[in-house]
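Report on one structure; see the data block that follows.
The values are calculated or read from the model by the stated rules, or taken from the named source; none is laboratory data. Since the structure is predicted, the reported quantities are computational estimates derived from the model, not experimental observations. With ideal geometry, Cβ positions are generated from the backbone for all residues, glycine too; neighbour counts draw on all protein chains shown.
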């Protein structure tokens with residue numbers, strides 16, 4: 001039997017996969033038992049068991065991290081995507097996945113991540129331009145005939161959208177395939193939006209609403225939808241656009257400028273299309289309500305007409321009653337006419353009996369006697385009325401004579417008037433040399449006041465009084 005030369009490598013111990021993985025785990029934990037690490041949180045998952053899983057990254061690398069349930073409350077800040085932090089912990093390996101990770105024990109904020117800081121500045125600038133205003137956004141069509149979808153042609157997103165639209169609303173779906181991650185994603189999505197808007201409205205293929213969709217991912221995965229040129233293309237689009245990028249917690253720049261934001265691609269399909277069954281049910285319900293309302297109105301009118309008819313008598317009854325009254329009156333008409341003629345005949349007979357030719361042949365003396373008797377009765381009353389009227393007339397004559405201004409002048413008096421025609425009531429009011437006019441009963445003469453001598457009225461009366469005649473002397477009259 002010959003000896004076989006042994007392989008020199010055959011003496012090297014062969015490790016099992018588990019032995020090597022756990023050996024590496026111990027090596028990492030021994031060499032890096034305490035590590036202070038700075039980075040930006042990229043992915044955060046709060047597990048239902050209380051643990052927190054995340055990823056720390058910088059410009060060139062990324063490392064997974066985990067915060068056990070017992071250490072979560074001791075963290076200085078709440079882990080949030082995009083937050084730049086400084087953590088302490090130990091490096092360990094996950095043997096089942098052949099990857100290493102850091103078990104975080106403490107965490108403190110180190111500043112806002114560079115990417116998110118850049119995004120915030122861009123958002124502030126676009127917001128200042130008014131691109132986020134609600135008044136600028138267009139309403140979605142209620143019943144779209146064509147829905148345009150801009151997304152990756154592969155993956156679950158397009159399948160979910162097509163399935164949701166198919167079961168809700170029968171319409172045409174046009175898919176514009178693009179890449180949704182990487183350097184070319186923003187340009188391709190922008191070109192798809194501009195391409196849909198450039199279609200002729202009468203071509204029959206121009207969508208009524210657009211959906212830009214993508215599944216969830218990290219900030220880096222969704223960064224293409226934070227492109228400024230893409231956001232301005234969404235603003236310039238004349239077709240209503242729904243943004244469905246990422247999950248509900250993911251927010252990109254396109255969400256702020258789109259007309260509507262959907263939390264998921266399935267939600268975008270629900271926003272874009274109505275439910276045909278619900279529309280049919282609504283139309284049926286409106287039709288039923290219309291018929292019920294029409295029936296109620298008709299029944300109400302019928303009830304009102306019936307009630308009004310009860311208060312009215314039958315036309316036949318009215319005619320029969322009138323015919324009965326007519327027949328009764330007709331039956332009494334002949335007897336009534338005969339009775340009326342008889343009554344007038346009797347009255348005429350009574351009057352004719354009083355008329356005779358003797359009335360026209362009465363002597364005139366009878367008529368004269370009647371007039372004399374009437375005159376005797378009227379004379380005393382007439383005389384009494386005439387006496388009263390005469391007395392009143394005499395009293396009015398005396399009153400007229402008493403107030404007649406010309407009556408005193410017939411007894412020798414005269415009225416003195418000034419040059420302007422005013423009546424002089426007092427001699428003291430006349431000035432020397434003043435012209436006056438003396439009015440007598442038969443004529444008037446002008447005079448001038450030539451002296452300022454005041455003579456008592458009584459003295460004037462004595463000087464002008466005529467000489468007294470002897471008692472019993474007769475009036476001899478005027479010789480001239």
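Among the residues of region 173-195 satisfying the criterion of being out of contact with any helix residue (DSSP H, G or I) (no Cβ under 7 Å at 6 or more places or on another chain) and in a strand (DSSP E or B), which is nearest to residue 208 (Cα to Cα)?
174
Under 56 Å from the mean Cα position of the chain (by Cα), surrounded by fewer than 14 Cβ atoms within 10 Å (Cβ to Cβ) and either touching a residue at least 40 places away in the same chain (Cβ under 8 Å) or under 30 Å from residue 177 (Cβ atoms) (or both): does that describe residue 81?
no
Quick check on this structure: which one of 406, 420 is out of contact with any strand residue (DSSP E or B) (no Cβ under 8 Å at 6 or more places or on another chain) and touching a residue at least 24 places away in the same chain (Cβ under 8 Å)?
Exactly one of 406, 420 is out of contact with any strand residue (DSSP E or B) (no Cβ under 8 Å at 6 or more places or on another chain) and touching a residue at least 24 places away in the same chain (Cβ under 8 Å), namely 406.
Please go through (1) out of contact with any helix residue (DSSP H, G or I) (no Cβ under 8 Å at 6 or more places or on another chain); (2) at pLDDT below 85; (3) farther than 26 Å from residue 404 by Cα for residue 454 and return the number of the only condition it doesn't satisfy.
Of the numbered conditions (1) out of contact with any helix residue (DSSP H, G or I) (no Cβ under 8 Å at 6 or more places or on another chain); (2) at pLDDT below 85; (3) farther than 26 Å from residue 404 by Cα, the odd one out for residue 454 is (1).
So, residue 33, is that one exposed (fewer than 15 other Cβ atoms within 10 Å of the Cβ), in contact (Cβ under 8 Å) with a residue 24 or more places away in the chain and in a loop (DSSP other than H, G, I, E, B) or not?
Yes: the conditions hold for residue 33.
Kindly indicate whether residue 92 is under 30 Å from residue 118 (Cβ atoms) and in a strand (DSSP E or B).
no
Which residue out of 400, 417 is in the same structural domain as residue 434 (by TED's automatic domain parsing) and at pLDDT 75 or above?
417
Considering only residues that are surrounded by fewer than 17 Cβ atoms within 10 Å (Cβ to Cβ) and either within 18 Å of residue 57 (Cβ to Cβ) or not assigned by TED's automatic domain parsing to the domain that holds residue 59 (or both), which ones fall in region 104-114?
Passing the criteria: 108, 109, 110, 111, 112, 114.
When you scan region 127-167, how many residues do you find that are part of a helix (DSSP H, G or I) and surrounded by 18 or more Cβ atoms within 10 Å (Cβ to Cβ)?
Number satisfying all stated conditions: 6.
Out of 268, 281, I need the residue that is part of a helix (DSSP H, G or I) and touching a strand residue (DSSP E or B) at 6+ places or on another chain (Cβ under 9 Å). Which one?
It is 268.
Go through region 46-76 and report how many residues are in a strand (DSSP E or B) and modelled with pLDDT under 90.
1
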